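> Have a look at the structure that comes next, please.
No lab work stands behind these numbers, since they all come straight from the coordinates. What you see is a predicted model, and the numbers here were worked out from it, not measured in a lab. Backbone-built Cβ (ideal geometry, glycine too); neighbour counts: all protein chains shown.
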Amino acid sequence: MVVRFYFLTSEIVPFAETYELATFSKEFPNVFIERKNDFRVMMPKYEFISERRYILREVIRLRSMNVQFMGTELKAAVKSAFIPNTKVQVYFLENKDYFSPEDPEKLYEEGEGENNKNYNKFGYFAVSSLTTLEYLRWKPEVIICNDWQMGLIPVYLRMGLIDNNFAKDAKIVLFVHSKSEKSLYPISFFERLGVKDIDEKCIVEGFVDVSLLAMKLVDEIIFVDIDGTNPYGLYNKESSFKKVVKGKCVHKFSIKDMEDPDEWQEIADNFIKIFEK
């Protein structure tokens, strides 16, 4: 039975919320915590998140981590707090150079195309979240990447960009909640990382679709339809998507009422069944 999960996401209610992802990021972990699983959660510590209001506390062993990103050694720090009215503890990755938006509605407003700088902050988040495992000396059995923002995590792990003994054996799951132009990253960014021979099926209008690249690399792909968002239907219109996922394990979850606890229990049951096959 799988018991150790590492859940990585860009937003969680009530700390940050721009779309349905944030509510999913609250409710999904809560089910597993209630079931006594070792379920650890991490998100960025944006500038607008009040440390006093949510009682963020320093994590001693994670207060000064050395992180290698884009050929430079940087520092990272982690604080923690509980999601209000739950037992879900969240690790907040802190770095003002990368997570500085003051407007909660503009988490991903760095522009599009060559002006899209989301790759920078989520690349840093990917490396730092994996480095955190070394400092915790904790090996997750499953790493959950929550939507396109976490798409660089399988890139680092599966394309030989990082050597991490605490993550290398974990299964990687990608939850797909949306289809966004923000997931189109410049090819030059991947060249700087040392990625070579990117599959042409993952290139859209001259940019790398990090969602498609992640789908190619992960063990399981789960499309999450929340009240008719239908991300699978949006992707399935494209021939490149069909080629990327051919032969892959693709699943579809549907949530009609996010306030119905029975629906979350069913989602958790279906998720576990994927790993019990």
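> Pick out the one residue from Leu174, Leu107, Leu130 that is aliphatic (A, V, I, L, M) and part of a helix (DSSP H, G or I).
Leu130 is the lone residue from the list that is aliphatic (A, V, I, L, M) and part of a helix (DSSP H, G or I).
> Yes or no: Lys106 of a type in the set (Lys, Arg) and either surrounded by 19 or more Cβ atoms within 10 Å (Cβ to Cβ) or over 23 Å from Glu11 (Cα atoms) (or both)?
no
> While we're here: So is Asp269 assigned to a loop (DSSP other than H, G, I, E, B), surrounded by fewer than 16 Cβ atoms within 10 Å (Cβ to Cβ), out of contact with any Phe, Trp or Tyr (no Cβ under 9 Å at 6 or more places or on another chain) and of a type in the set (D, E, K, R) or not? Give the derivation first.
Working: assigned to a loop (DSSP other than H, G, I, E, B): no; surrounded by fewer than 16 Cβ atoms within 10 Å (Cβ to Cβ): yes; out of contact with any Phe, Trp or Tyr (no Cβ under 9 Å at 6 or more places or on another chain): yes; of a type in the set (D, E, K, R): yes.
Answer is no for this residue.
> Considering only region 25-51, how many residues are closer than 18 Å to Glu259 by Cβ and within 12 Å of the chain's Cα centre (by Cα)?
Selection size over region 25-51: 1.
> Hey, another quick one. Give the residues of region 1-54 that are assigned to a loop (DSSP other than H, G, I, E, B), surrounded by 24 or more Cβ atoms within 10 Å (Cβ to Cβ) and of a type in the set (Gly, Ala, Ser), sorted by residue number.
Across region 1-54, the qualifying residue is only Ser10.
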